[in-house]
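Beneath this line is the structure, given in C-alpha cells, with notes to follow.
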2 protein chains.
Amino acid sequence: MERPVGSKRVTLAQVAELAGVSVMTASYTYNRPRRVSDEARSKVLAAAAQLGYAGPHPSARSLRRGSTGTLGVVMGERLTYAFDDPQAVSFLAGIADICADRGYGMTILPITGAADDILRIRDAAVDGFVVWTTSDDDPIIAAVQAIKRPAIVHGGPAVHGLGLVSIDNRAAARAVGAVAFAGAKRPAVVSFPLDRNRVSGITRGVDTTAVRFPVTRERLEGYRQATEDTGIAWGEVVIAVCARNDAAEAESAAATLLTSAEPPDAIAAMSDQVAAGVMRAARAVGRVIPDDLAVTGWDDGPVAAELGLTTVAQSLRDQGAACARVALGQKPSSQAASWSIIRRGSTRH
Amino acid sequence: MERPVGSKRVTLAQVAELAGVSVMTASYTYNRPRRVSDEARSKVLAAAAQLGYAGPHPSARSLRRGSTGTLGVVMGERLTYAFDDPQAVSFLAGIADICADRGYGMTILPITGAADDILRIRDAAVDGFVVWTTSDDDPIIAAVQAIKRPAIVHGGPAVHGLGLVSIDNRAAARAVGAVAFAGAKRPAVVSFPLDRNRVSGITRGVDTTAVRFPVTRERLEGYRQATEDTGIAWGEVVIAVCARNDAAEAESAAATLLTSAEPPDAIAAMSDQVAAGVMRAARAVGRVIPDDLAVTGWDDGPVAAELGLTTVAQSLRDQGAACARVALGQKPSSQAASWSIIRRGSTRH
DNA sequence: CTGTTAGCGCTTTCAC
DNA sequence: GTGAAAGCGCTAACAG
C-alpha cells in the first residue's frame with residue numbers, strides 16, 4: 001500500500017495497534033526478532049506492510065539508544081578539495097573499509113571555510129570524528145575538542161583530548177632529504193603552504209616556528225636537518241611555497257627556480273604530484289634528472305612509480321583505517337604510522 | 001571545565017537552570033540567538049561553558065524537527081570501490097558541492113554486498129538518498145523505494161517513485177559507435193559486467209535483454225545499432241566482458257582479442273580506463289592506432305585527453321550535483337543530462 | 001522578549 | 001514470550 005502523499009509518518013504504535021500487539025512486541029520485531037513468537041512477528045510485519053511503515057525512525061532510535069552508528073569525517077576547507085587529492089581519497093577509502101566492516105555510516109561534514117563550519121560540526125549526528133590534517137589555529141580543532149566525543153586527528157596538530165595518527169614527518173623528511181641533497185651544492189624545497197592564508201612565493205630558510213601546518217612544519221624541519229647534515233646552512237636553501245598540492249602550480253614555481261641565476265641542483269617536494277610538476281619543468285628547460293637535478297617526492301603514489309621518483313612511502317589508506325578504528329572506540333595504538341624511503345632513478349647514485 | 005569521564009551528558013535543561021532562565025530561552029540561544037536578549041544569551045553561554053555543554057543533541061533535535069540535515073549516498077557493492085573509480089569520485093564531488101552550499105552533511109552508506117545492506121539503508125538518519133547506478137534486481141533499490149523519502153538514482157534503473165539522472169546512454173553509444181566502427185570490418189566491444197555476478201569472458205552478440213545493469217544494457221544496444229548501421233550483424237560482434245572498470249583487466253582481455261584468429265579492427269570501450277588498457281595491449285602487439293585498430297572510450301576524463309582518445313564526454317560532477325539537488329527536495333528537471341562526442345586521434349579520419 | 005505545555009518515535013527497564 | 005510505564009533531549013506552538 002502506498003502511503004498517501006502528505007499523510008503523517010506511520011509510527012510503530014500504529015503498526016502495533018493494527019497487529020493487535022503491544023508497541024514493545026512491534027519494537028522487538030525489528031530489533032530482537034528472535035525474542036518474539038513467529039506468530040506475533042508475522043502479524044507485525046503484515047501490519048507494517050499494510051500501513052507502509054518504513055521502519056523505526058532513525059533519529060528517535062538514536063536519541064533513545066544514545067548512539068548514531070555514524071562516523072563523522074572533517075576534510076578541511078572546501079569539502080570538494082578532498083576529492084581532488086588522490087592521497088585524501090585513499091585516506092577516505094581506508095575509513096570506508098572500517099566503516100563498511102562495522103556497519104557504520106560515514107558522514108563527510110560540509111566544510112566551506114566559513115565561520116559557521118563549527119556549527120556544522122557541533123550539530124553533526126555522529127558518534128566520533130576523524131579530522132584530516134589541518135593547521136594549529138584551525139577553529140575546527142577547538143570545535144571538535146569541545147564536543148567531547150571520540151575524535152582523532154590525522155597528521156596534526158596534536159591537541160589535548162584528541163588522538164593522533166601520523167608518521168614521523170620530521171624523521172621521514174630528514175631521511176628523504178639526505179637522499180635528495182646528497183652531493184648537492186644548492187638544495188631547494190617545494191613546500192605546501194605555511195598557513196591557512198596559503199600565500200605562495202619563493203623565499204629562503206623559512207622560520208619553521210612560524211609555520212602553522214604541523215605536517216608542513218615538521219617536514220621543513222626534517223629537510224633543514226638534512227641540509228645542515230650536508231654542511232649547508234638553512235638560510236641558503238630556497239623554498240618555493242605552493243598554495244595547493246597541484247602539479248601545474250609546482251611546475252611553474254620550479255620553472256622559476258630553474259631559470260634563476262643560481263638554479264638548484266636538488267629539489268625535495270612534499271608530494272609526488274608536486275615532484276611530477278618539478279620534473280616536467282626540469283625537462284622543459286633541458287635539465288637531466290638526476291645528473292643536473294635530483295628530485296624527491298612524497299607518498300609513493302602511482303605517479304612515483306611511473307616517473308621513477310625517489311619518495312617517502314606511506315599508506316594513507318592504512319592511516320585512514322587506523323583513524324576510523326580509534327574514532328569508533330578502539331584503543332589507540334601508541335605507535336606512529338610506518339614509512340620508508342623508496343629509492344628510484346630521480347636521485348643520484 | 002572538563003566533563004569528568006563517565007558523567008552523564010549535560011542537557012539544555014541543566015544549562016537553563018544554572019543560567020536562571022527557562023529551557024526555551026536556552027534553546028533560542030542556540031537556534032534563534034537574535035530572539036534572546038543579550039543578557040540572557042550571555043548568561044546561557046556562560047552556564048554552558050561552565051558545565052561543558054556540547055550543544056544541542058543532534059538526534060534529539062532531528063527527532064523534534066523532523067529532518068536530519070544529511071543526505072545519504074549509496075555507492076553500490078563494496079563502499080571502497082567508489083573511491084577507486086575516478087568517475088565515481090567526480091560524482092561524489094558534485095554531491096559534495098551541493099551539500100557544502102546548503103550546509104548538509106553527506107553520509108556515505110556502508111554497503112558490503114551482504115544481505116543486511118538493506119537494514120543499513122532503512123536505519124540511515126538521512127533526509128534523502130542518492131543511489132549510484134546499479135542493476136535492475138539490486139535489493140537496495142527496493143529498500144530505498146520502501147523508505148519513502150526523496151531519492152534519486154544515477155544512471156539506472158528507472159523505477160517508480162525514484163527520480164533518475166542520466167544521459168541517454170543508448171544514443172551516446174550509437175553515436176560513439178558510429179565513429180569507432182566507421183570503415184571497420186570486425187568491430188568489438190569491451191563491456192562492463194552484464195549482471196551482479198560480474199562474470200568476465202568473451203562472447204558474441206550478447207542478448208541485451210538479459211543484461212541486468214541498465215546503463216550497460218543501453219550502451220550495448222547503442223553499439224548494436226551502430227554496428228547494424230554499418231551493415232554488420234550483432235551476432236558477429238565480439239564482446240569482451242570485464243568484471244571491473246579496470247585498465248589492467250581490460251588490457252589482458254584486449255590482448256586475447258588482438259591475438260585471436262580474427263582480431264578486431266575497432267574496439268568501443270565503456271570507459272576511458274578500459275580504453276587505455278586496450279590501447280596498451282594494442283601497442284604491445286604492434287598495432288597502430290587508429291590505422292590497424294580504432295579505439296573509443298567513455299567519460300572524457302583526463303586520461304582521454306592524454307591518450308588522444310575519441311570518447312563520450314559527460315560530466316559526472318554535474319550529474320552528482322543534479323542528483324543532490326533533487327534528493328534535497330528540488331523539483332527534478334525532466335531533461336536528460338548532456339553528453340557529446342569528442343573526436344581525437346584514436347579513431348579513423 | 002520569555003515561559004509553559006506537549007509531545008517528536010522509540011526502546012530501556014522491570015514486571016508479569 | 002509479552003506488556004506498561006517512563007523518558008532519551010529537544011523545540012513547535014502558543015501564551016503572556
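The values are calculated or read from the model by the stated rules, or taken from the named source; none is laboratory data. The model shown is predicted, which means the values in this text are computed figures rather than measured ones. All Cβ positions, glycine included, derive from the backbone under ideal geometry; neighbour counts span all protein chains shown. Remember, those area values only see protein heavy atoms, side chains included, never the ligands or the DNA or RNA. Shrake-Rupley method; radii C 1.70, N 1.55, O 1.52, S 1.80 Å.
Annotations for the structure displayed:
- Scanning the range B:160-178 for residues that are touching a helix residue (DSSP H, G or I) at 6+ places or on another chain (Cβ under 6 Å), more than 14 Å from every other protein chain (Cβ to nearest Cβ) and surrounded by fewer than 24 Cβ atoms within 10 Å (Cβ to Cβ) yields B:Gly163, B:Arg170, B:Arg174, B:Ala178.
- Selection within the range A:37-63 - basic (Lys, Arg) and either assigned by TED's automatic domain parsing to the domain that holds A:Asp97 or touching a residue at least 24 places away in the same chain (Cβ under 8 Å) (or both): A:Lys43
Each row is one residue, and each column tells you yes or no for (1) assigned by TED's automatic domain parsing to the domain that holds A:Ala178; (2) open to solvent by less than 10 Å² (accessible area, probe 1.4 Å); (3) in contact with a helix residue (DSSP H, G or I) (Cβ under 8 Å, 6 or more places away or on another chain); (4) within 23 Å of A:Ser191 (Cβ to Cβ).
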| position | (1), (2), (3), (4) |
| --- | --- |
| A:Arg287 | yes, no, yes, yes |
| A:Ala322 | no, no, yes, no |
| A:Leu328 | no, no, yes, no |
| A:Ser334 | no, no, no, no |
| A:Trp339 | no, no, yes, yes |
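- If you go through the range A:141-163 and keep only what is assigned to a helix (DSSP H, G or I) and in contact with a Leu (Cβ under 9 Å, 6 or more places away or on another chain), you end up with A:Ile141, A:Ala143, A:Val144, A:Gln145.
- The condition (being closer than 20 Å to A:Phe192 by Cα and of a type in the set (Asp, Glu)) is satisfied by just one residue among A:Asp300, A:Asp291: A:Asp300.
- Some residue of the range A:42-52 being among the basic types (Lys, Arg) and in contact with a helix residue (DSSP H, G or I) (Cβ under 6 Å, 6 or more places away or on another chain): yes
- Screening the range B:10-126 for helices (runs of 4 or more DSSP H) wholly inside it with 1 or more residues that are within 11 Å of DNA strand C (Cβ to nearest atom), within 12 Å of chain A (Cβ to nearest Cβ) and crowded, with 20+ Cβ neighbours inside 10 Å returns the ranges B:58-65.
- Counted residues, the range A:205-220 - those being farther than 22 Å from A:Ala180 by Cα, assigned to a loop (DSSP other than H, G, I, E, B) and not hydrophobic (A, V, I, L, M, F, W, C): 1
- Some residue of the range A:300-309 being open to solvent by 20 Å² or more (accessible area, probe 1.4 Å), of a type in the set (D, E, K, R) and in contact with a helix residue (DSSP H, G or I) (Cβ under 9 Å, 6 or more places away or on another chain): yes
- Members of the range B:237-274 found to be under 18 Å from B:Gly286 (Cα atoms) and surrounded by 18 or more Cβ atoms within 10 Å (Cβ to Cβ), listed by number: B:Ala250, B:Glu251, B:Ala253, B:Ala254, B:Leu257, B:Leu258, B:Pro263, B:Pro264, B:Asp265, B:Ala266, B:Ile267
- Which numbered condition B:Cys99 fails, given (1) over 19 Å from B:Ala322 (Cα atoms); (2) in contact (Cβ under 8 Å) with a residue 40 or more places away in the chain; (3) assigned by TED's automatic domain parsing to the domain that holds B:Ala143: (1)
- Taken over the range B:127-150, residues that are open to solvent by less than 10 Å² (accessible area, probe 1.4 Å), closer than 25 Å to B:Gln314 by Cα and within 14 Å of another protein chain (Cβ to nearest Cβ) amount to 3.
- Every residue from the range B:265-320 that is more than 20 Å from B:Thr216 (Cβ to Cβ) and acidic (Asp, Glu): B:Asp265, B:Asp291, B:Asp292, B:Glu306, B:Asp318
- Verdict on B:Val21 being on the phi < 0 side of the Ramachandran plot and over 34 Å from the mean Cα position of the chain (by Cα): yes
- Selected residue [of a type in the set (D, E, K, R) and within 11 Å of DNA strand D (Cβ to nearest atom)] from B:Arg78, B:Arg32, B:Arg41: B:Arg32
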